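To start, the structure itself, in structure tokens.
The values are calculated or read from the model by the stated rules, or taken from the named source; none is laboratory data. Here the structure is a predicted model, which is why all the values come from computation and not from measurement. Counting neighbours? That spans all protein chains shown, and the Cβs are built from the backbone with ideal geometry, glycine included. Just the protein is used for accessible areas: all its heavy atoms, side chains included, with ligands, DNA and RNA removed. Shrake-Rupley method; radii C 1.70, N 1.55, O 1.52, S 1.80 Å.
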Amino acid sequence: MDLHDKEILPGETLPVVIIGNGPSGICLSYLLSGYTPYLSPEATHPNPLLNSKLGEQPHLSLLEQDLEYLCEGLEGRSSNPVAVLFDSLLLPDSDFGLDHTSPLDWRYEPERAIPHLVLGKGPPGGAWHAMEGSMLTLSLANWMELPGLGLKDWMREKRRNVRNDRATPAEIASYYQHYVSQMSLEQSFACGTTVTSVTRQPGNHDGSPPCWRVTGLQRREGEELGDGSSVSEEVPFSLLAHNVVLATGTHDIPARLGVEGESLPYVCHSFWELEAAISRGELDQSSDPVLVVGAGLTAADAVLAAHHLNTPVYHAFRRSVNDPGLIFNQLPKLLYPEYHKVHQMMTQQQYQPSTPPQNHAQNLHNSSTPSSPSTSPASSSSPSSYPGYLSFPRYKVVALRPDKKCVLESDSGHRTVVQVSKALVLIGAHPNLSFLGDNGRPLGIYPEETITCRRNPIEVDPFTNSVVAADGPGMYAMGPLVGENFVRFLKGGALAIASDLTKRQRERQEREDRDLTTERLMDRWLDRQVTTHTESEVCVLDS
């Protein structure tokens, strides 16, 4: 899809500006464009309590109902109650592998639309366009979809196969870009934009209320050259908004260890650098082991990619393999067999300090072919062990040396030096909130720390997603910025924000109607007073 940039022009104050055009911003744009969810008259929900509550006011849209009341008693895999509610309505009982039909009936009601502008650096889809590669997404395909357009149905129309009921990042990125076009949301999207500042603007003397000023740069195609290409230019923009939504995601800045040697050439901070090294032929079964640092899903993808090449792997992470907070301990084994495999590797083939690291490395090479038995001391007695892999649970990296020797230290203080070919530091990422004061830190649950998805998300009201520590009303946050890393659950943030904006708009309209009614009554009273006074004067003159 060729999405033309919307030119940003200064003018009246916009009702809503959304910063970020990933799935969070797209879903919110859908709800603000007049697409409204109702309970379908003939539908029922498998949760009897929720079904009963939904049936109390079926004439009201979900945006008009009391979300806190509907959320009571619901449980799910998100700590955000509205995310659990919306997920339960969009994908009833999906955690149990069931495929119930959603009880929601989506109606297009343009009179409900709230004008808004979505700003994004690239095409709609956000960070998904940077995720080039063939790995499968963590979520099932239908968990990645947005309301109104089934992902699997769309993929079948494009003659793409959904392997294991999951999709690749490239397919997801294409789906999100197509979604914006299919739902006719383009007029609200301004791509090629980089926001540089968001500040609170005081009210003017003419009575206009305080609002938010959003400034930045928009990339536009400039003069066309002789070869048919054109020179792009960045044009400054500045606009005012009554409400601003932070939906930037958290994949902008890779997290760093902060240790000696982390900037050396063999140290990488993204999965894609590993893929590039593989494509250049730099890694094979004869290479020194690759050190993977981290215990998240991206680290697991790196382990699988290296293991697929028969390249030996050292895997260091801070948690215990049995830690309930470890993501692998939260995933159903049947749905995620490859991640379960990595967790088995982490558990069964742990480093034993009694054996020198060089012996482990030799064992890794001796067993780097999948068909050969593993001779690692950590797993020689296990018939299900995996060759070419060694885990270092509850270890941290304390130094990375120029000779490609890495120093690892356990919780107990035991140090080990390992020789590697590459080190992949995959411990998460931070959002780029440089457009906010102090990089947005004051907005976090822990105001002195950097904003992160897991450890320090932005603190918001759980039922409106309004930012608790904002400089004024009308600032919201959603998606990974508030701890929702899965598309499946970030849609709840869109519902919470759209619901709050709808209710505030209705309250404002009711106030204006009351004021208008009061003004009309006053006019009538004044008219009667004038009429009575005039009649009195006439009577006096007649007498």
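Just need a number here: residues in region 39-71 that are charged (D, E, K, R) and surrounded by 13 or more Cβ atoms within 10 Å (Cβ to Cβ).
Within region 39-71, residues that are charged (D, E, K, R) and surrounded by 13 or more Cβ atoms within 10 Å (Cβ to Cβ) number 4.
Take the conditions touching a Pro at 6+ places or on another chain (Cβ under 7 Å) and surrounded by fewer than 22 Cβ atoms within 10 Å (Cβ to Cβ) and apply them to residue 427. Does it pass?
It is false that residue 427 is touching a Pro at 6+ places or on another chain (Cβ under 7 Å) and surrounded by fewer than 22 Cβ atoms within 10 Å (Cβ to Cβ).
Within region 36-59, can one find any residue that is touching a residue at least 24 places away in the same chain (Cβ under 8 Å), under 24 Å from residue 175 (Cβ atoms), in a strand (DSSP E or B) and assigned by the TED database to the domain that holds residue 239?
yes
Looking at region 17-35, can you tell me whether even one residue there is at positive phi and either modelled with pLDDT of 95 or more or touching an Asp or Glu at 6+ places or on another chain (Cβ under 7 Å) (or both)?
Taking every residue of region 17-35 in turn, at least one turns out to be at positive phi and either modelled with pLDDT of 95 or more or touching an Asp or Glu at 6+ places or on another chain (Cβ under 7 Å) (or both).
Within 30 Å of residue 197 (Cα to Cα), assigned to a strand (DSSP E or B) and aliphatic (A, V, I, L, M): is that true of residue 292 in this structure?
no
In region 262-285, is there at least one residue being under 30 Å from residue 499 (Cα atoms), in a strand (DSSP E or B), in contact (Cβ under 8 Å) with a residue 12 or more places away in the chain and open to solvent by less than 40 Å² (accessible area, probe 1.4 Å)?
no
Report whether or not residue 78 is small (Gly, Ala, Ser) and touching a Leu at 6+ places or on another chain (Cβ under 7 Å).
no
Yes or no: residue 448 under 20 Å from the mean Cα position of the chain (by Cα), more than 21 Å from residue 395 (Cβ to Cβ) and surrounded by fewer than 21 Cβ atoms within 10 Å (Cβ to Cβ)?
Criteria not met by residue 448.
For the subset of region 453-503 comprising residues that are charged (D, E, K, R), in a helix (DSSP H, G or I) and under 21 Å from residue 212 (Cβ atoms), which member is modelled with the lowest pLDDT?
Looking at the filtered set, the residue picked out is 503.
Mind counting the residues in region 395-424 that are surrounded by 16 or more Cβ atoms within 10 Å (Cβ to Cβ) and over 28 Å from the mean Cα position of the chain (by Cα)?
Residues that pass the stated criteria total 16.
Quick one: residue 396 ticks every box in (1) in contact with a helix residue (DSSP H, G or I) (Cβ under 9 Å, 6 or more places away or on another chain); (2) touching a residue at least 40 places away in the same chain (Cβ under 8 Å); (3) among the charged types (D, E, K, R) bar one, so which box is it?
(1)
Is region 319-333 home to any residue that is touching a residue at least 60 places away in the same chain (Cβ under 8 Å), part of a loop (DSSP other than H, G, I, E, B) and under 16 Å from residue 289 (Cα atoms)?
No, because not a single residue in region 319-333 is touching a residue at least 60 places away in the same chain (Cβ under 8 Å), part of a loop (DSSP other than H, G, I, E, B) and under 16 Å from residue 289 (Cα atoms).
Quick check on my filter: what residues within region 488-499 are surrounded by fewer than 24 Cβ atoms within 10 Å (Cβ to Cβ) and out of contact with any Leu (no Cβ under 8 Å at 6 or more places or on another chain)?
If the condition is that a residue be surrounded by fewer than 24 Cβ atoms within 10 Å (Cβ to Cβ) and out of contact with any Leu (no Cβ under 8 Å at 6 or more places or on another chain), then 489 is the only one that fits.
Can we say residue 343 is at pLDDT below 80, surrounded by 15 or more Cβ atoms within 10 Å (Cβ to Cβ) and outside any loop (DSSP other than H, G, I, E, B)?
In short, no.
If the requirement is being modelled with pLDDT under 70 and over 23 Å from the mean Cα position of the chain (by Cα), which of these qualifies: 126, 97, 133, 203?
97
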